[in-house]
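Notes follow once the structure below has been shown.
The values are calculated or read from the model by the stated rules, or taken from the named source; none is laboratory data. Please read all numbers here as calculations on a predicted model, not as lab measurements. Cβ placement follows ideal geometry from the backbone for every residue including glycine, while neighbour counts extend to all protein chains displayed. The area values use the complete protein model at the heavy-atom level, side chains included, leaving out ligands, DNA and RNA. Shrake-Rupley method; radii C 1.70, N 1.55, O 1.52, S 1.80 Å.
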Amino acid sequence: MSINSSSSKGYSRLENVLIIGNGGRENSLAWAIQKNELVKKVYLIPGNAGSERINKCERIRIDINNKNELVEKLDFLKINLIVIGPEVPLANGLADFLREKDYKVFGPGKDGARLEYSKSWAKEFMQDANIPTAKFWKVNSLEEAKKIILSSSMPLVVKADGLASGKGVFIPESKDECFKSAESIFNGKFGNSGDVVVLEEKIQGPEVSVFALCDGKSYLLLPTAQDHKRLNEKDKGPNTGGMGAYSPAPLLTKDYLDRIIKEIIKPTIDELNKKNIDYKGVIYFGLMITNSGPKVIEYNCRFGDPECQTIMPLMDQNFVFLLEKCSMGNLTGDEKIDTPDKVSGCVIATSKGYPHKYKTGFPIKIGKIDSSDCQIFDSGTCFNKNGELLTDGGRVLSIVCQDKDFDLVFEKAYKNLKEINFDGIYFRNDIGHQVRKNFSSEN
Ligand code: AMP
Ligand code: GLY
């Protein structure tokens, strides 16, 4: 790969990279990006306390919605590449705005982000491209929803159409619950995000996450991953943002992944092109592996969290070049990701009460960590005025380890977790149970 060209802004390429976002995902991106020797500085807006422990990283505290101040700052810092982490700024068109200002941006424009911010649009998109997904009905009123719920012979899932911080999906046990879920959405539980409701056939099977880096025409797949969405062990309890993950997902053999590429990934890229959407960013395919083949549960327009923390340590220093190539529409199709001969796993430590109400501000004590092939990416932390590390979110820390196999990975992760403490710390002990040979639920 050539590494010497200068940027369109006239200063040295990739010297200064900016990441927008404040979670474990963004910290892991920063950590992977700073590995490249061309990168002198990685700025995070706003980042969190953990960003300050990452080599070459600096936090910038400005409001991204104040566009004048943002552009002034980017010019002052001579930013070469911008990576937008979360879905909300993407849905608000931040990538479009920054591209208009001639910045290289990794992250789709508002048109591409629609894959995530409108579930009904995404379903229609899949229908247009003949991409396998659960049957669905888009409804605009409770009356309409009621008719479909009463006449449906299959169990249904109820979803708010728009963004709802991962909370807009209901999996009811009865028609009555189904009706109540639709009612709560139409009654404004998620504001405008619930003006439209999507009812879906409930499908079954293990879930996997597949990430494609896209440059508008071509794509490149990252290692696959499996997330653990439920709060409690044995996959019980409420849905969360994700309690842990592992990568790659052995469930997806090469042949099965080829099938996913043929039936889902290529048709998605083709349909984006057909709709004139110049998608420069990552597409997150949330898939369910059903008896009748792979189906798309959802698209996201960003990296998954905690999948990103899990995958980033498998990337080498060329990762930032891939992001840059995507931002410029320059993937050649010949790029390869050389992953080490290792697998990776992540366990999330949360605040007591998450994903419902929880308290923050508890001091975090970190003892003796086995740091070989182990990273701690802060998900929600801050410093108090004495510089003490405090909890500052529902998901607090991502503990990520790599090793030759998943037993060794999770042995190390859980050993390190014993060294970490804060009031109300909670984590699942069974992350990776599907791939830990020595795992027994009695552990
Ligand atoms: P989403 O926010 O769309 O990822 O949905 C959250 C979770 O709800 C998914 O990870 C699935 O576990 C579950 N889910 C969503 N849609 C369906 C469906 N059609 N059938 C079964 N489960 C679903
Ligand atoms: N890990 C699930 C998500 O990022 O939506």
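Figures for the structure shown
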read-out: Shape call, the chain: gyration tensor on alpha carbons, a/c limit 1.5; value: rounded
read-out: For the stretch 358-443, with +1 on Lys and Arg beta carbons and -1 on Asp and Glu, the positive-most of 438, 420, 372 along the dipole; value: 420
read-out: Gain in span if fully extended, residue 232 to residue 75, counting 0.36 nm per residue against the direct Cα distance; value: 51.9 nm
read-out: Per DSSP, loop GluC sites (Glu not before Pro) in the stretch 364-443 with at most 10 further Cβ within 10 Å; value: 442
read-out: Derived scalar couplings ³J(HN,Hα) [the stretch 344-352; Karplus, 6.51 cos²θ - 1.76 cosθ + 1.60; whole Hz; x for Gly, Pro]; value: 9, x, 9, 10, 9, 9, 10, 7, 4
read-out: Sulfur and carbon atoms: percent of accessible area, the stretch 298-379 [1.4 Å]; value: 47
read-out: Helix-derived mean residue ellipticity, 222 nm - over the chain, DSSP H n ≥ 4, -39500 (n - 2.57), to 500; value: -7500 deg cm²/dmol
read-out: Fraction in percent of alpha-carbon pairs per bin - 10 Å, the stretch 194-295; value: 13, 38, 36, 12, 1
read-out: Among 88, 400, 282: highest mean-square fluctuation, GNM of the chain, C-alpha pairs under 10 Å; value: 88
read-out: Rounded percent of accessible protein surface that carbon and sulfur make up, the stretch 42-125, 1.4 Å probe; value: 44
read-out: Backbone HN-Hα couplings from phi across the stretch 131-147 [Karplus 6.51/-1.76/1.60, Hz, Gly and Pro as x]; value: 8, x, 7, 5, 4, 8, 9, 9, 10, 10, 8, 5, 4, 4, 4, 4, 4
read-out: Translational D in µm²/s for the stretch 233-391 (Stokes-Einstein at 4 °C, 1.567 mPa s, Kirkwood Rh from C-alpha pairs); value: 68
read-out: Euclidean distance of C-alpha centroids, the stretch 188-225 and the stretch 108-186, integer Å; value: 12
read-out: Whole-number percent relative contact order across the stretch 216-300, with pairs defined as alpha carbons under 8 Å at least 6 apart; value: 23
read-out: Accessible area, probe 1.4 Å, largest first, for residues 186, 285; value: 186, 285
read-out: As computed over the stretch 48-120, the Cα convex hull volume per residue (Å³); value: 105
read-out: Solvent-free Debye scattering, log10 I(q)/I(0), computed from the Cα coordinates of the stretch 24-72 at q = 0.13, 0.19, 0.21 Å⁻¹; value: -0.31, -0.62, -0.72
read-out: Radius 10 Å from Cβ of residue 66, net charge of other residues (Lys, Arg +1; Asp, Glu -1); value: -1
read-out: Surface per residue (accessible, 1.4 Å probe) for the stretch 316-431, Å²; value: 47
read-out: Ranked packing of 376-385, 149-158, most packed first, by mean Cβ within 10 Å; value: 376-385, 149-158
read-out: Whole-number D in µm²/s for the stretch 84-227 (Stokes-Einstein; Kirkwood sum over Cα pairs; 25 °C, 0.890 mPa s); value: 146
read-out: Accessible surface ranking that places the most exposed of 433, 356 first, with a 1.4 angstrom probe; value: 356, 433
read-out: The stretch 39-54 - phi-based ³J(HN,Hα) in whole Hz, Karplus 6.51/-1.76/1.60, Gly and Pro as x; value: 7, 9, 8, 10, 9, 10, 10, x, x, 9, 4, x, 4, 6, 8, 8
